[in-house]
Amino acid sequence: MSDPRSVELFARAGAVIPGGVNSPVRAFRAVGGSPVFISRAEGCWLYGADGARYTDYIGSWGPMILGHAHPAVVHAITEAAARGTSYGAPTEGEVVLAEKITALFPSIEMLRCTSSGTEATMAAIRVARGYTGRATIVKFEGCYHGHADFLLVKAGSGAATFGVPDSAGVPEGIAKTTLTAPFNDVPALEALFAKHGDDIAAVIVEPVVGNMGCVPPAPGFLEAMIALCNKHGAVSIFDEVMTGCRLSAGGYQGIHGLNPHMTCLGKIVGGGLPLAVYGGQRAIMEKVAPLGPVYQAGTLSGNPIAVAAALATLARLDDALYTHLETIGLQLEVGLRAALEANGIEGCVQRVGSMITLFFTKGPVTNWGQASASNTGRFAIFHRELLARSEYWPPSQYEAAFLSAAHTSEIVARTVVHAGEALRAVAAS
Ligand SMILES: Cc1ncc(COP(=O)(O)O)c(C=O)c1O
């Protein structure tokens, strides 16, 4: 149950903002009740409108890997703002950022900054289409790549949460240019290439899916996807908006030495400000205007404040951070699994690094068909009981929870205790 001030704000918001929120999943529809309105955040803590403190496992849906209001990031933002908030002209910071990202991600030889992950994936697809001269794209069921028309086909995240994986307002002709296959299914992808190989411009994937809950790739799946793209002259696109800089400083591809043709980044790469990136092989990126014929632009792209936050954040992505995240991630995983077992509840815990999901289905979950078999009623009770214990867990079965540098072993241990109590309530329901 949310606090009275948040309930009042949500009622006011509902009169002037659709569903009372600026992004659907924030409305708590999948779990019931009223969302907590946030007044401030620090470290791993969020403070509600009434000042109550919550342990944050959403981290603004991924960006806050250093924790909220990290002093170095706040300092960088403040300093940058004092020098002016937007110039609409190039800056040294953008060059430094691009050099830093191309060093972290060897597969990215050139890149562009955008203001959101949606813009990054949308632009990457346009560039891939311009580069190949083909129209068709392939995505995987349950993967979410932002809200561009042609990517809202069998999409995960909020689209899956609200049962609108195929959004109204997307013309049939546009939706038809998107083919889908189940995640982790190489034969299905091979079959699409066998039938449409000459038309496929790009295949886009979340290398570790976060948007149907945390679902890792099967061994060899991503390698096969890249190989099929190579064989058929299509562009492989890793959407690392969520995983980039989270699973390692160089993303999931950095851990496994994978070389997609293009990559999209967002969330962490913008240090909590509106900044995202698309980039890839030089020959592909040279198609982008003014070098080439593919148009893409943005008034606030490479915004100096966002670039300052990005640089301050990237400077702090060291080995010690990822070791810490792995340690507390494992602690949370083991604790949640034990709590499921102790309460005799059918479920599974899936984790990659600091991304984790407790699915209310037997598991393992390897694709959207299995994820969507989860007992969302049980998840709603779990979420409500956690919130009542000041644990701010994602309000949907189909979202990953995130850990940050600011979460300590003690904090996670307390969350595990609370999760055990929440699961007891689920078992009793
Ligand atoms: C994998 C992935 N791609 C793209 C996006 C879209 O990013 P944005 O919300 O910044 O438009 C998201 C957002 O959650 C995402 O998780």
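Every number in this text was worked out from the coordinates using simple rules, so none of it is lab data. Here the structure is a predicted model, which is why all the values come from computation and not from measurement. Cβ sites come from the backbone with ideal geometry, for glycine too, and all protein chains shown count toward neighbours.
A few notes on this one:
- Long hydrophobic helices in the chain, taken as whole DSSP H segments with a C-alpha length of 27 Å or more on their own axis and mean Kyte-Doolittle hydropathy at least -0.5: 319-342, 409-428.
- Counted by Cβ distance under 12 Å from residue 10, the other residues give a net charge of +2, where Lys and Arg count +1 and Asp and Glu count -1.
- Inter-part distance where region 22-67 and region 170-247 are each reduced to a Cα centre, Å: 31
- Looking at region 182-280, none of the GluC sites (Glu not before Pro) sits in a DSSP loop with at most 10 other Cβ atoms within 10 Å of its own Cβ.
- Averaging the sequence gap over all C-alpha pairs within less than 8 Å and six or more residues apart, then dividing by the number of residues, gives the chain a relative contact order of 22 percent.
- Helical contribution to [θ] at 222 nm, DSSP H n ≥ 4, -39,500 (n - 2.57), averaged over the chain, rounded to 500: -12000 deg cm²/dmol
- Nearby lysines by direct alpha-carbon distance to residue 154 (threshold 25 angstrom, same-chain neighbours under 8 apart not counted): 139, 176, 195, 267, 362
- Springs join every pair of Cα atoms under 10 Å in this Gaussian network model of the chain, and among 418, 147, 256 the largest mean-square fluctuation is at 256.
- D_trans [Stokes-Einstein, Kirkwood Rh over alpha-carbon pairs] for the chain, 20 °C, 1.002 mPa s, µm² s⁻¹: 98
- Loop-located trypsin sites (Lys or Arg not before Pro) in region 175-281, at most 15 other Cβ atoms within 10 Å (DSSP): 176
- Local charge for residue 204 was computed over the other residues whose Cβ lies under 15 Å away, with Lys and Arg +1 and Asp and Glu -1, and equals -1.
- Whole-number percent relative contact order across region 71-314, with pairs defined as alpha carbons under 8 Å at least 6 apart: 30
- When you filter the GluC sites (Glu not before Pro) in region 82-131 for DSSP loop state and at most 15 other Cβ atoms inside 10 Å of their Cβ, you are left with 109.
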